[in-house]
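Right, one structure below, let's go through it.
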Amino acid sequence: MRHFRKKGGEYDKEAIAKEIADSTCGLDIRWFHGKADLSESPIGYKNAAQVREQIEQFELADIVAEVTPLGCIMAGDAGPKIWERKREDYLSPKQIRQIGHRSDRRKTRQKLTEFDLDED
């Protein structure tokens, strides 16, 4: 991933897009969130040919088969983490209304409880 950084420390988006396009050429890739996630793309993994060479060189295992990917469904980049986003950014309008109603009911119950305690 370091080789995609520019001198200012930001990522080179054009280089990343080209690398993803090159590494997924011929594969049916579907990103769940619509944006590519580099850590789940082929460039986020070790080179399979190098791994195979090292296995043979150091006699780590006997290679009996090789898996050739035809497609992949990947999570994709979901954007900022859920705990870093504002609630309004990910809650539906219905959920926001429900939270408001619960808050109103809670306040009403508290007022009723205070009223009951005052009478005793």
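If the condition is being more than 13 Å from the chain's Cα centre (by Cα), in a loop (DSSP other than H, G, I, E, B) and surrounded by 17 or more Cβ atoms within 10 Å (Cβ to Cβ), then segment 19-40 contributes only T24. When only residues in segment 11-28 that are of a type in the set (A, V, I, L, M, F, W, C) and under 20 Å from E66 (Cβ atoms) count, which is modelled with the highest pLDDT? If we take residues in segment 11-28 being of a type in the set (A, V, I, L, M, F, W, C) and under 20 Å from E66 (Cβ atoms), then C25 is modelled with the highest pLDDT.
In segment 39-57, the residues that are more than 15 Å from V67 (Cα to Cα) reach residues that are of a type outside the set (G, A, S) and surrounded by 11 or more Cβ atoms within 10 Å (Cβ to Cβ) with C-beta atoms within less than 6 angstrom, at least six apart or across chains, in these pairs: E40/M74; S41/I20; I43/E19; G44/L38. Assess whether A61 counts as being among the small types (G, A, S), at pLDDT 85 or above and either part of a helix (DSSP H, G or I) or not assigned by TED's automatic domain parsing to the domain that holds R2 (or both). No.
The values are calculated or read from the model by the stated rules, or taken from the named source; none is laboratory data. Everything quoted here is computed from the prediction, not taken from an experiment. Neighbour counts are summed over all protein chains in view; Cβ atoms, including those assigned to glycine, are modelled from backbone coordinates with ideal geometry.
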